[in-house]
Structure formats: C-alpha cells, structure tokens
Amino acid sequence: MAPSLKLTYFEARGRAEPARLALCIGGVDFEDVRVNGEQFEKLKTSLPFGQLPVLEVDGEVITQSIAQQIYVGKLTGLYPQDPLAALRVDECQMLVVDLTDLIVPSLIEQDADKKAAMRKTLAEETLPKWFGMIEARLQSRGWSHAAGNELTVADLALYNFMMWIKRGVLDGIPSTIVDACPKLSAVVEAVDSHPKVKEWNAKH
Ligand SMILES: N[C@@H](CCC(=O)N[C@@H](CS)C(=O)NCC(=O)O)C(=O)O
C-alpha cells in the first residue's frame with residue numbers, strides 16, 4: 001500500500017521543492033503543508049531538530065531534505081537502483097547543498113553594506129567559478145541530465161537551485177550569470193519544460 005505522505009515546509013521552494021517536484025512528476029499524492037513564521041515558531045519545539053522540512057511517512061517524522069529527496073525519488077522512479085548511478089545522483093544532490101551553503105550567509109547578514117559585498121563576491125567570483133566547474137563536468141561526461149541520461153531527483157535539486165538564481169530574486173546576483181553555461185542551462189531547461197513541472201509552477 002502506498003504510504004501516506006505529509007511534507008511540511010515554509011511557503012517557499014527552498015529545501016522542500018525538489019521532493020515536491022518529484023512527487024508531482026511521479027503522480028504520488030502527498031499533503032503539501034506550508035507554514036508561516038508564526039506557525040513555525042509554534043511548531044519548532046515539536047520538530048526533531050527544530051527545522052524544516054519534515055516528511056511524515058505514515059505519521060513517522062523524518063528530517064533532512066536530501067534523505068527525503070532520495071526516499072521520494074525511490075517512490076517515484078526518479079532515483080536509480082544501480083549503486084553507481086545512485087552515487088552520481090547523490091554527488092549532485094550534495095553539490096547543491098554546498099551551493100546553497102555558499103548563499104546562506106548572505107541571506108542571514110543584516111548589515112546592508114556587508115550583505116552587498118558578499119553578493120558582489122558571489123556574483124562576480126564564487127558562483128561563476130562553481131557554475132563553470134559544473135559546466136565542465138557536464139560537458140566532459142556528455143550526459144543529457146544532471147547525473148546521467150535520465151531525469152532523477154538530482155535534476156530537480158539542481159534545477160531548484162539554478163532557478164533561484166535565474167529568477168533574479170537574490171539582490172546583487174544577476175540572473176544572467178547562468179547563461180555562460182550552455183550544458184547547465186540545458187539541464188535546467190529540460191526540467192523547466194517538463195509538462196508536470198510547468199503545471200506545478202503555474203499553480204505555485
Ligand atoms: N540539513 C537540513 C537543514 C534544514 C534547515 O536548515 N532548515 C531551515 C530552513 S531552510 C530551518 O528550518 N530554519 C529555521 C531554524 O533553524 O530555526 C535539511 O537539509 O533538511
């Protein structure tokens with residue numbers, strides 16, 4: 001019997017969106033719970049590590065977004081059974097965590113000048129360097145997708161991160177910095193043009 005799933009996160013894409021997209025693409029029903037700051041503060045003490053997202057599987061609360069992505073990838077056929085193929089998917093998912101961690105300090109910084117300086121370094125040095133390395137890796141491997149030749153949760157994780165940049169919502173980071181990387185852009189586009197992703201994005 002299919003498990004009952006409830007995914008709780010903020011009203012944002014953030015660390016929950018790859019799992020949401022996987023469930024949407026796979027046609028797996030889930031309860032998509034989104035809390036605001038006030039609701040989170042009330043919920044926080046009941047959360048295993050005081051953080052979101054949490055995925056409840058038949059009532060059992062599971063933390064850690066990457067573990068959740070792997071699990072829903074398995075449920076939806078978006079995570080390979082072959083160990084080496086799975087390793088490639090995990091590599092890409094962890095890479096996205098590292099990319100996210102590059103940005104997080106600039107989200108937290110309260111001093112406007114320091115924040116702007118951090119964003120300038122990200123936009124002009126750090127992110128182009130990382131995107132260039134990802135592009136080189138995708139080019140050298142000749143894959144059509146993020147971690148092989150099939151759509152996996154790695155694509156959804158990379159897509160979610162790259163769209164954060166491409167949507168131009170991070171002040172000081174121009175959306176165009178992705179344009180220098182054609183292979184990376186193609187991986188992002190392949191997810192963005194997926195009919196179920198289009199439908200999902202139109203609704204959210
Ligand atoms: N390693 C965790 C990190 C979770 C995390 O940092 N969650 C943030 C939101 S993106 C959070 O709940 N922040 C609120 C807090 O820590 O009070 C994961 O990947 O799920």
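Yes or no: E135 in contact with a Pro (Cβ under 8 Å, 6 or more places away or on another chain), open to solvent by less than 40 Å² (accessible area, probe 1.4 Å) and at pLDDT 95 or above?
Spelling it out, E135 is indeed in contact with a Pro (Cβ under 8 Å, 6 or more places away or on another chain), open to solvent by less than 40 Å² (accessible area, probe 1.4 Å) and at pLDDT 95 or above.
Kindly evaluate G50 against the criterion of being in contact with a helix residue (DSSP H, G or I) (Cβ under 7 Å, 6 or more places away or on another chain), exposed (fewer than 13 other Cβ atoms within 10 Å of the Cβ) and not assigned by TED's automatic domain parsing to the domain that holds L151.
So G50 passes the test.
I'm trying to understand the selection: among the residues of segment 160-183, which are under 21 Å from V104 (Cβ atoms) and surrounded by 16 or more Cβ atoms within 10 Å (Cβ to Cβ)?
N160, F161, M162, M163, W164, I165, K166, L170, I173, I177, V178
So which of A12, A16, A2 is open to solvent by 20 Å² or more (accessible area, probe 1.4 Å), near the ligand (Cβ under 10 Å from one of its atoms) and either farther than 19 Å from H145 by Cα or of a type outside the set (G, A, S) (or both)?
Checking each option against the conditions leaves just A12.
Looking only at residues in segment 100-134 that are among the hydroxyl-bearing types (S, T, Y) and more than 16 Å from the ligand (Cβ to nearest atom), which one is nearest to V187 (Cα to Cα)?
Here the answer is T126.
Taking the options Q64, Q39, name whichever one is within 12 Å of the ligand (Cβ to nearest atom) and open to solvent by 20 Å² or more (accessible area, probe 1.4 Å).
Q64
Show the residue pairs that are 6+ apart or on different chains and have beta-carbon atoms under 7 Å apart, the first residue being within segment 1-22 and β-branched (V, I, T), the second being within 11 Å of the ligand (Cβ to nearest atom).
T8/V35; T8/L52; T8/P53; T8/V54
Would you point out which residue out of A147, A123, A157 is more than 19 Å from the chain's Cα centre (by Cα), open to solvent by less than 40 Å² (accessible area, probe 1.4 Å) and modelled with pLDDT of 95 or more?
Answer to the selection: A123.
Give me a count of the residues in segment 25-36 that are open to solvent by 30 Å² or more (accessible area, probe 1.4 Å) and away from the ligand (no atom under 15 Å from the Cβ).
Qualifying residue count, segment 25-36: 7.
For segment 69-99, what are the residues that are open to solvent by less than 20 Å² (accessible area, probe 1.4 Å), within 16 Å of the ligand (Cβ to nearest atom) and over 16 Å from F161 (Cβ atoms)?
Within segment 69-99, V72, G73 qualify.
Consider segment 159-168. How many of its residues are free of Cβ contacts under 8 Å to residues at least 12 places away in the same chain and closer than 16 Å to R15 by Cβ?
Result for segment 159-168: 0.
The values are calculated or read from the model by the stated rules, or taken from the named source; none is laboratory data. Because the structure is a prediction, the values reported are computed rather than measured. When we count neighbours, we look across all protein chains shown, and the Cβ atoms used for this are built from the backbone with ideal geometry, even at glycine. Heavy atoms of the whole protein, side chains included, go into the accessibility calculation; ligands, DNA and RNA do not. Shrake-Rupley method; radii C 1.70, N 1.55, O 1.52, S 1.80 Å.
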